[in-house]
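Okay, so here's the structure we're looking at.
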Amino acid sequence: MEQLCALNKIAFTVGGVEVAWYGIIIVIGMIAGLTIVCLECKRINLNADDAVELFLWVIPLAVIFCRVFYVAARPEVYFPIESWEDFVDVIAIWDGGITIIGGLVGGLIGAGIFAFRMRKKCNFGNIVDLIVVPVLTGQIIGRLGNFVNQEAFGIPIRDPKLQHFPFAVWIDDPQGVEPEFQPMVDANKPGWFAATFFYEMVWNLIGAVIFFVIWRKNKRFPGILGFCYFFWYFLGRAWLEELRIDAVPVTQVACIIVVPIALVLGVAYILVCLSRQSFRKVNDAAIAGELPHTELDRFEVANYRFALKLLSKGGSAVWKFYGVDDVPVAALADGDYIKKVKKPRNSAKVKTAEGDEEHKS
């Protein structure tokens with residue numbers, strides 16, 4: 001099989017300004033992500049104009065933080081800043097040097113600002129769900145730029161049986177090799193290397209398909225795709241960093257930390273949502289007088305009692321979380337009556353099971 005050699009890094013020149021293929025590919029990835037957002041935003045009560053505003057908040061902040069995190073991980077290269085030229089080197093994103101992890105942080109900040117502005121239409125969780133698949137799409141396309149730039153490749157592939165795409169990729173001029181991997185690489189000599197950027201493209205594609213299905217079906221847990229994304233993406237990066245010979249140690253450490261945190265927080269978030277939804281089901285049925293005809297499982301009964309204990313001891317924030325103003329004294333499956341619960345600060349009616357008593361607090 002013929003060697004798949006890289007393109008010239010420069011696509012064309014306009015007025016003496018060189019336009020790199022990497023930049024073009026990144027822009028294509030952004031446009032693809034924006035297109036998906038525009039097509040899907042109506043599912044969370046947004047329109048195309050809102051989608052464009054979201055794009056204008058997320059992308060600039062993502063780009064800024066991409067560079068900030070890249071520079072921060074290489075203090076020996078960029079610091080101290082002792083001259084104007086040093087400062088230009090720090091911000092010279094046009095010379096290359098960004099990290100996706102920083103972009104995620106900046107993008108979340110942008111999404112948070114947008115969510116605050118659109119709080120009457122949708123919430124932060126809805127917006128996170130909306131942008132996860134577009135983000136993965138942009139990352140999938142963006143990784144093609146790594147091949148053009150001859151970067152983000154993995155360890156040398158010595159076995160002739162694996163020296164072909166997609167297992168390996170021919171690198172004309174190996175660059176950016178970290179010191180600990182230098183003994184494995186013949187300096188600046190072409191050869192076959194693990195196509196780790198392609199591995200990541202496949203990994204992200206699988207995640208994008210799974211998350212798109214969840215996005216279409218998920219109505220109970222707004223924002224859950226954010227936890228799914230951080231678990232999936234950083235899990236992939238964790239094992240890919242073992243293969244990449246340009247890997248920065250701090251990146252792998254970050255991945256190892258983020259994966260279990262995302263998993264635990266995701267599970268906790270689902271349990272919290274289930275608790276709130278279960279409570280509302282029982283409480284709404286009690287208010288409507290339909291509790292005797294409502295089927296309840298053990299979790300719903302136990303959760304309702306637990307929530308009432310929190311309401312009786314908690315402040316207004318607890319009541320706001322559960323989204324209730326009126327909590328009846330309800331007879332549940334075993335015939336026991338829940339003690340009367342008083343809402344703090346504000347005046348609220350609390351009815352008995354017979355509906356003939358009210359209390360103001």
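The sole residue among LEU54, LEU46 that is under 21 Å from PRO222 (Cβ atoms), part of a loop (DSSP other than H, G, I, E, B) and in the same structural domain as VAL148 (by TED's automatic domain parsing) is LEU46.
Select from region 124-180 the residues that are part of a helix (DSSP H, G or I) and among the acidic types (Asp, Glu) and write down the one among them that is nearest to PHE211 (Cα to Cα). Ranking the candidates gives ASP129 first.
Looking only at residues of region 195-208 that are within 19 Å of GLY266 (Cβ to Cβ) and over 14 Å from the mean Cα position of the chain (by Cα), we find that the one that is surrounded by the most Cβ atoms within 10 Å (Cβ to Cβ) is TRP203. Which residues, counting only those in region 69-82, are surrounded by fewer than 19 Cβ atoms within 10 Å (Cβ to Cβ) and in a helix (DSSP H, G or I)? Correct list: ALA72, PRO75, GLU76, VAL77, TYR78. Return yes when GLY97 is surrounded by fewer than 19 Cβ atoms within 10 Å (Cβ to Cβ), more than 21 Å from VAL213 (Cα to Cα) and among the small types (Gly, Ala, Ser) and no when it is not. Criteria met by GLY97. As a summary of the residue check, VAL282 satisfies the conditions (1) aliphatic (A, V, I, L, M); (2) crowded, with 16+ Cβ neighbours inside 10 Å; (3) farther than 20 Å from PHE221 by Cα except for the one numbered (3). Of all residues in region 219-236, those that are under 27 Å from VAL250 (Cβ atoms) have Cβ atoms under 9 Å from Cβ atoms of residues that are among the polar types (S, T, N, Q), 6 or more apart or on another chain, in LEU225/ASN218; TRP232/ASN204; TYR233/GLN139; TYR233/ASN204; GLY236/ASN204. Scanning region 241-287 for residues that are within 30 Å of ILE155 (Cβ to Cβ) and of a type in the set (S, T, N, Q) gives THR251, GLN252. Residues in region 83-105 that are without any contact (Cβ under 8 Å) to a residue 40 or more places away in the chain and either outside the structural domain of ASN146 (by TED's automatic domain parsing) or assigned to a loop (DSSP other than H, G, I, E, B) (or both): SER83, ALA92, GLY97, ILE98.
Pairs needed: first member in region 282-304, outside the structural domain of TYR322 (by TED's automatic domain parsing); second member anywhere, at pLDDT 80 or above and not hydrophobic (A, V, I, L, M, F, W, C); C-beta distance under 7 Å; at least 6 residues apart or different chains. From residues that are outside the structural domain of TYR322 (by TED's automatic domain parsing), there are no pairs.
The values are calculated or read from the model by the stated rules, or taken from the named source; none is laboratory data. Worth saying up front: this structure is predicted, and the values here are computed from it rather than measured. Virtual Cβ from ideal backbone geometry, glycine too; neighbours counted across all protein chains shown.
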